[in-house]
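Since the structure comes first, as structure tokens, the remarks are kept for the end.
We did not get these values from a lab; they are worked out from the coordinates using the rules stated. Predicted model only: the values in this text are computed from it and were never measured. Quick reminder, even Gly has a Cβ in these numbers, built from the backbone with ideal geometry, and neighbours come from all protein chains shown.
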């Protein structure tokens, strides 16, 4: 094998390795499950539960959430975002039609949910020191215009 070919192959392997490490470094990536008992819902009621699968994608992440509402109805939401503060569409959320994510620091992310271009929910995600759970605090108004404040504890599976 020629020396030039080895250099190119080495460079490709290095770039692939760095890209893989960068994707794995995103604390969101993985499967997360709601811990209903540790979470608080005001005014409520709490969902019966949900699981979120988060995958690295481009310069951001893709979320797929499946669960059960308090009334037993199935819930399914999907969205893909970058951490650039721009609006990205979400499907399946009656409260918001876009989310904008912004990384505050290594363990904190702020999210703004909008409906029809108007901010309706503010969300703060804070990762635990060990990276095994996220405290998600959301405040806003539901589709009926009623105020809410929920604190979700989601745990890595």
message: What whole-number distance in Å separates the alpha-carbon centres of the range 78-141 and the range 48-68?
response: 12
- request: Could I have the simple spin-label model distance between residue 144 and residue 91, label points 7 Å from Cα toward Cβ, reported in nm to one decimal?
  value: 2.8
- prompt: Using a Förster distance of 35 Å, how high is the FRET efficiency between residue 74 and residue 130, based on the Cβ-Cβ distance and rounded to 0.05?
  reply: 0.65
query: Over the range 87-151, what lengths in whole Å, largest first, do the semi-axes of the equivalent ellipsoid take, defined as the square roots of 5 times the eigenvalues of the alpha-carbon gyration tensor?
result: 23, 13, 9
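Quick one: pull the percentage of alpha-carbon pairs in the range 28-156 with a separation above 19 Å. Write down the numbers at each step before the final one.
Working: 3879 of 8256 pairs.
Percent of Cα pairs beyond 19 Å in the range 28-156: 47.
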